[in-house]
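Chemist: Shown below is the structure under consideration.
The values are calculated or read from the model by the stated rules, or taken from the named source; none is laboratory data. Note that the coordinates shown come from a computational prediction; the quantities given were computed from them, not determined experimentally. All Cβ positions, glycine included, derive from the backbone under ideal geometry; neighbour counts span all protein chains shown. Only protein heavy atoms, including side chains, enter the accessible area calculation; ligands, DNA and RNA are left aside. Shrake-Rupley method; radii C 1.70, N 1.55, O 1.52, S 1.80 Å.
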Amino acid sequence: MKTYLRHKVHNVIDIKELTALEYLDFEGKYKEYVEKHDFWEMCFVEKGDVVLNIEGEKCRLSANDVILIPPDSTHSYFSERGNESRAFVICFECLSQPLKSLSGAGFNLTGPLYQSMKLIISEYKHTFSTDENEQLEILENPNFGGQQAIIIQLEYLLICLLRMLSAEKNPEIVFLNEEHFYQDLVDLIIDYFKDNIQRKISLEELCRRFNYSSSFLCKTFKEQTGETLFSYFNRLKIEEAKRLLKRTELTVTEISENLGFSEVKYFGASFKKIVGKSPSEYRSKIN
């Protein structure tokens, strides 16, 4: 009798949720509309030409072009042809590490990939509507499984784009296995800490940002780093404080405020606990 082996499927692209699906209206607000958000955005030009500005870098997109805009990127759309141009955007939450390779990458969709995009748009039209506040609403009688069908087609499209990018530009792209997922999640959190070193960050903010529970984030971070989330964040702040004490003439109070400490007294105590000297003593020793 034949023996069948069970294989656990690892999803290299795992979309957590859909945030927005909509057409851009170039007669109205989208002509000079600037936004920034913490989720991915895919723009597909259905007809005409669209100019996209990402973090000050402009690119022109033509019919059937698609581009991926990474989270936390300031971007805007413009079309000189007004209503002769038409673009469809898909906004979604996804923490899968390979997707980073597609940041700002543009492709022209043909053949099966073009059909995948058209299927996404078709499912969208028979599943969602947009209310007066421009929020997605489920139709009263939506396509059966319409939301899942959109995610399946979108994940397939992204996998195909990654394959194209790997073959043409970067043969070192690696599809990560489950073992790497936890370290990659921790790396994303650390990057977020570094990007927001001057702010206070709450556990609730991290949960919203990464779409995981507080217990999962705390447990995963501690297992991967040996430190708690905020002891690590505090240590990063102290490392930045050491740099500022060495390279700038900012006062201890100013550095404390710049790094988001509530009181200079608490900053001094944290600094001495990690460095072994007070901020003033550390600066004196360097000088």
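Chemist: With only alpha-carbon pairs counted, each pair once and no self-pairs, how large is the Kirkwood hydrodynamic radius of the stretch 57-140 in angstroms?
Modeler: 15.1
Chemist: Go through the stretch 206-286 and name the GluC sites (Glu not before Pro) that are in a DSSP coil and have 16 or fewer other Cβ atoms within 10 Å of their Cβ. Kindly include the intermediate steps, with their values, before the conclusion.
Modeler: On the way: sites: Glu223, Glu227, Glu239, Glu240, Glu249, Glu254, Glu257, Glu263, Glu281; in loops: Glu227, Glu249, Glu263.
Passing sites in the stretch 206-286 are Glu227, Glu249, Glu263.
Chemist: Now, a different point. What's the long-distance tail for the chain, i.e. % of Cα pairs beyond 30 Å? Can you show the working numbers first?
Modeler: On the way: 18971 of 41041 pairs.
For the chain, the share of Cα pairs beyond 30 Å comes to 46 percent.
Chemist: Which of rounded, prolate or oblate describes the stretch 93-159 when judged by the alpha-carbon gyration tensor and an a/c cut-off of 1.5?
Modeler: Taking the square roots of the gyration eigenvalues as a ≥ b ≥ c, the stretch 93-159 is prolate.
Chemist: Something else about it: Test of the criteria: in the stretch 66-156, which trypsin sites (Lys or Arg not before Pro) are in a DSSP loop and have at most 13 other Cβ atoms within 10 angstrom of their Cβ?
Modeler: Answer by residue number: Arg81.
Chemist: Helix 214-225 versus the longest principal axis of the chain: what angle, 0 to 90°, nearest 10, using Cα atoms?
Modeler: Roughly 60 degrees, rounded to the nearest 10.
Chemist: Also, I was wondering about something else. Of all the stretches in the chain, which is the longest one without any exposed loop site, taking chymotrypsin sites (Phe, Trp or Tyr not before Pro) in a DSSP loop (any state but H, G, I, E, B) with at most 13 other Cβ atoms within 10 Å?
Modeler: 145-287
Chemist: Need one number: the % of Cα-Cα pairs in the stretch 194-287 sitting beyond the 15 Å mark.
Modeler: Details: 2704 of 4371 pairs.
Considering the stretch 194-287, 62 percent of its Cα-Cα pairs are separated by more than 15 Å.
Chemist: In the chain, carbon and sulfur make up what percent of the accessible area (probe 1.4 Å)?
Modeler: 47
Chemist: Now for a separate question. Rounded to whole Å and sorted largest first, what semi-axes of the equivalent ellipsoid does the C-alpha gyration tensor of the stretch 131-287 yield via the square root of 5 times each eigenvalue? Please list the in-between numbers first.
Modeler: On the way: eigenvalues 360, 89, 50 Å².
The answer is 42, 21, 16 Å, longest axis first.
Chemist: Here's another thing I want to ask about it. For Val34 and Cys218, compute 0.36 nm times the residue count separating them, minus their Cα-Cα distance, and round to one decimal in nm.
Modeler: Full extension from Val34 to Cys218 adds 62.8 nm.
Chemist: Over 29 Å between Cα atoms, which of Lys222/Lys285; Lys100/Lys237; Lys16/Lys242; Lys36/Lys246; Lys36/Lys242 qualify?
Modeler: Numbers: Lys222/Lys285 34 Å; Lys100/Lys237 26 Å; Lys16/Lys242 39 Å; Lys36/Lys246 34 Å; Lys36/Lys242 31 Å.
Distance filter (> 29 Å) returns Lys222/Lys285; Lys16/Lys242; Lys36/Lys246; Lys36/Lys242.
Chemist: Compute the angle between helix 146-168 and the longest alpha-carbon principal axis of the chain, please, reported from 0 to 90 degrees and rounded to the nearest 10.
Modeler: Approximately 70 degrees, to the nearest 10.
Chemist: I would also like to ask the following. Please identify every one of the GluC sites (Glu not before Pro) in the stretch 33-112 that sits in a loop by DSSP and has no more than 13 other beta carbons within 10 Å of its own beta carbon.
Modeler: Those that pass, being in a loop and sparsely packed, are Glu55, Glu80.
Chemist: Here's a follow-up. With n ≥ 4 as the cut-off for DSSP H runs, can you work out [θ] at 222 nm for the chain, using -39500 (n - 2.57) per run divided by the number of residues, rounded to the nearest 500?
Modeler: Rounded to the nearest 500, the figure is -13500 deg cm²/dmol.
Chemist: Provide the gained length on full extension for the span Met164 to Arg81, in nm with one decimal, where the gain is 0.36 nm per separating residue minus the Cα-Cα distance.
Modeler: Extra length available between Met164 and Arg81 comes to 26.8 nm.
Chemist: How large is the accessible surface per residue of the chain, computed with a 1.4 Å probe and reported in Å² as a whole number?
Modeler: On a per-residue basis, 58 Å².
Chemist: Shifting gears a bit: Provide, in order from the shortest bin, the percent of all Cα-Cα pairs of the stretch 31-74 in each 10 Å bin, continuing until the bin that contains the maximum pair distance.
Modeler: So the P(r) values, bin by bin, are 27, 58, 15.
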